[in-house]
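See below for the structure under consideration.
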Amino acid sequence: MKEGKVDVIEETYQTLASIRKHIEEKHPERKWLYEPATRYFELVYQGIMQQKPLLWYFYCLCPEIFRSMDVTPFSPEYACGIMASLRGGINLKYLDIASEKLPQDMCAANKFPVGLALSRDTVIPDVMVYAAANPCDAAITVYSNLDHYCNIPSFYLDIPYLSDERGRKYVARELKKMVSFVEEQTKQKLDLDRLRETIGYSNQAQEYILKLNQLRKNVPCPTSSRALHITGGAIMGLCGLPEFVDWCRGQYELVKVKVERGERVIPEEKIRLVWIATGVDFNLSIFEWLENEYGAVMVASLLSDYPTEPIDNAGEKSKMFEGLAKKVMNYPMARHGRGSADTYISECISIARDYKADAVIFAGNTGCKYNWATAQLVKDTIYDELGIPTLCFELSPFDPRVLSFEGVKAKFEQFFELVL
């Protein structure tokens, strides 16, 4: 393991554990909302303390493979979102450090790994892997910078333009090359039995998530906006673990009972919102504010939509890798930012229709150039097809200095007053 400290990882874990304990004492019914992030940082912290090889990976990759090796997987992009949501924004220091090396308008999620590595506030990874152009070229710039400034061995997973069968087989071969590279750098071998097991857990969790998505189509919606947002992030962090299956099962059973009883998340649902770009990670209370002030519930979000089919983990090794390749190419943002814009536009239309949306929210990340290239076309097509309005505004989901929380609320206030 390379030199460095674990201070910021430990600090984040302890902060999350403290919040979870406080919520458990004051609002035990909401404790489950804080479990995924806490568990994620707990696993990373424990792995570092046990001096297992540390592997940084771009979030659009499948953690099942890394959890089947004796390494500590850490996704800086996912961690950035969690840190941004904590009081004071632990992540901001690292965005500023990265800004000295990178363009100001680059996505904060891309900046964060560079700032974290250059700060030396945590252990420098033994190896890094990322998916080039899945969804954006900015990742190439970021991990190339890390490779250059910190001399970290890196593997660049090539992802083709199209998500067809030929592309899937190509990515499966790339994943196998990635495994060989990680094995060589860390001296840790992939355990195929463990891989079958982690894929099995991943399949089980996905089954509950798809059922939850169906329940959210009910009018009124039986579950909160925050719960949907947390679930989307938890998939990135805990996929392949048995405790994530338990968490998803518990959430599904809770919501299922609510539907059977005819319960709703707020007294009166007035507006059903579908979010098709990023969220407001730096202040998740935006969801409660929308629900309480306007009766507006986020019933669906493209960034929390993982329409992955079960992966065959009982057959040949090649079938497992092809299933994982399809999952990598189908990650949110990955499938929207790579390939034809028609894929993204058609998904926006179908999700708004399926969830009976009254309005669509395009909270566009200032650093997502591919997203903004389609913004007006998406807005016009949604109105032409469904006759519902779209709120478009620019922010950084991880940095309130681009657009503050009050600024975000002002965007909604104006939209609801003038349009809805």
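Every number in this text was worked out from the coordinates using simple rules, so none of it is lab data. Everything numeric in this text was worked out from a predicted model, so none of it was measured. Glycine gets a Cβ as well: all are built from the backbone with ideal geometry, and neighbour counts include every protein chain shown.
Listing for the model above:
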{"read-out": "Length released on extending from D312 to V419, taking residue separation times 0.36 nm less the Cα-Cα span", "value": "33.8 nm"}
{"read-out": "Computed helical MRE - 222 nm, the chain, DSSP H runs ≥ 4 contributing -39500 (n - 2.57), nearest 500", "value": "-17500 deg cm²/dmol"}
{"read-out": "Segment 301-420: relative contact order in percent, alpha carbon pairs under 8 Å with at least 6 residues between", "value": "19 percent"}
{"read-out": "Electrostatic dipole magnitude of segment 266-420 [Cβ: Lys, Arg +1; Asp, Glu -1; Cα centre; debye, to 20]", "value": "520 debye"}
{"read-out": "Contour excess over end-to-end distance, with Cα ends at E253 and E207 and 0.36 nm allotted per residue", "value": "15.3 nm"}
{"read-out": "For T72, T15, order by how many other beta-carbon atoms lie within 10 Å, fewest first", "value": "T15, T72"}
